[in-house]
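Q: Below: one structure in structure tokens.
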Amino acid sequence: MATRTNWEEFSKGLWLDNPVSRQLLGMCSTLAITNAVINGIAMGLAVGFVMICSSFLVSLIRKFIPNQVRIASYIVIIASFVTIADRFLAAYFPPLSKALGPYVPLIVVNCIILGRAEAFASKNTVGRSLIDALGMSVGYIVALLILSSVREILGSGTILGYGVMGDWFEPWIIMILPPGAFIALGILIAIAFQIERKVKQRS
Amino acid sequence: MRLSRRMLIVLSLIGLVSGALLMSVNMFTKDRIASNRKKEIEKAVIKVIPGTKSSLKIYEEKDFTVYKGRDDQGNVLGIAINTAAGGFQDRIFYIFGLDTQLTRINSLFVLDQKETPGLGAKIASAEAFLQFWEGRDVKQPLVLRKPAVKKDALAQNEVNTVTGATISSRAILASVNVALEKIKKLKQEGRFSIEGSDGD
């Protein structure tokens, strides 16, 4: 594990260990908020902020935390950053805060963040944990962007609120409803696995 | 013993630091969040009472807040009621404006709703629903018109139903009727005053 280069540490979050398409973590918020691109971006940035800050802090104090109370400590740290992100959104971006609703406070129990704290930040140096969290955040944001773009284009005929489909286009309302989230996510994961298989076959 | 003491100390320290951090964040953002909320209501009041320059809360209970809107000279132009209806998915928060005699609805706006996109969510659209609320006579209870007809063909106390969203339309209508009854009763009991420039 120590032989990984910094680039490998960063890029594994983008593809090999992508939190959405490979680890299948944090599905609840992923499914719920990807009905519009702007929500996907806001959620991605909020999760990224919390992940980077908490990974940093967890790896910084990892040697002081007794093993028996480590999960409790991580949760307190994560919850603090989530509350900061939540207050910040409510103060400076009220419409976004309204659209994301309860899903911002729920980042506390998002498995991606606790997963990174437990599986990586608690065992690695500050620098490596930061690189890992950064990679995971970018991977998460990219996955949300793809999902929310597909759903917004098909479900509302717009992207970031601007119409991109012609007048002939009748929006598939199902795509912005919960079933559309499952359909889009399923297809996205299937495509990711297919590409992975092709790459493996070739090598 | 040493281990349990260390566990205690570490967890308490983390909790303390988090608490302090959150306190400062709250202090930093609290005014802004409160003013955002106020601005949102203010904007809505101006929308439903045409010509309003300033608004003032005159009555409040759970999910039922009454504002009055005034022009530059301080003349009261009407009142706005901010309340909620039980919709198809979740509660529908809306605001509507009345004249000072409580006999006519100026207009109605939906502030927050989670109805089904494409169907129930149309209750927030002016074209499909909200336009039919303008200038309704509320001396008697409002009724829904189903199926919908042209705006001119509606009686003075009728509102068109949104096609495919009867439950959402009915929810708002029933809630408005309840709110109207309540405001008239409150006025009779003298629980708030419309005229006068009390307590700015």
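The values are calculated or read from the model by the stated rules, or taken from the named source; none is laboratory data. From a predicted model like this one, the values you see are computed outputs, not experimental measurements. Neighbour counts run over all protein chains shown; Cβ positions are idealised from the backbone, glycine included.
Q: Taking the condition of being buried (at least 17 other Cβ atoms within 10 Å of the Cβ) and small (Gly, Ala, Ser), how many residues in segment B:127-158 meet it?
A: 2
Q: Confirm whether residue A:89 is surrounded by fewer than 21 Cβ atoms within 10 Å (Cβ to Cβ), touching a Leu at 6+ places or on another chain (Cβ under 8 Å) and free of Cβ contacts under 8 Å to residues at least 60 places away in the same chain.
A: Answer is no for this residue.
Q: Among the residues of segment B:107-128, what is the count of those that are of a type in the set (A, V, I, L, M), modelled with pLDDT of 85 or more and part of a loop (DSSP other than H, G, I, E, B)?
A: The qualifying residues number 2.
Q: Right, next: Which of the residues that make up segment A:92-133 are within 12 Å of chain B (Cβ to nearest Cβ), touching a residue at least 60 places away in the same chain (Cβ under 8 Å) and buried (at least 19 other Cβ atoms within 10 Å of the Cβ)?
A: none
Q: State whether the residues of segment A:20-30 include one that is surrounded by fewer than 22 Cβ atoms within 10 Å (Cβ to Cβ), out of contact with any Asp or Glu (no Cβ under 9 Å at 6 or more places or on another chain), more than 10 Å from chain B (Cβ to nearest Cβ) and within 13 Å of residue A:116 (Cα to Cα).
A: yes
Q: Every residue in segment A:42-86 that is within 7 Å of chain B (Cβ to nearest Cβ) and surrounded by fewer than 23 Cβ atoms within 10 Å (Cβ to Cβ), please.
A: A:64, A:65, A:66, A:68, A:69, A:72, A:76, A:83, A:84
Q: Please enumerate the residues belonging to segment A:153-168 that are part of a helix (DSSP H, G or I) and either within 14 Å of chain B (Cβ to nearest Cβ) or surrounded by fewer than 11 Cβ atoms within 10 Å (Cβ to Cβ) (or both).
A: Those that are part of a helix (DSSP H, G or I) and either within 14 Å of chain B (Cβ to nearest Cβ) or surrounded by fewer than 11 Cβ atoms within 10 Å (Cβ to Cβ) (or both): A:154, A:155, A:156.
Q: Here are some conditions: (1) buried (at least 17 other Cβ atoms within 10 Å of the Cβ); (2) closer than 30 Å to residue B:187 by Cβ; (3) at pLDDT 90 or above; (4) not acidic (Asp, Glu). Residue B:64 meets all but one. Which one does it not meet?
A: (1) is the only condition that residue B:64 fails.
Q: Another one. Within segment B:22-71, work out how many residues are in contact with a Lys or Arg (Cβ under 6 Å, 6 or more places away or on another chain) and more than 14 Å from chain A (Cβ to nearest Cβ).
A: So the answer is 5.
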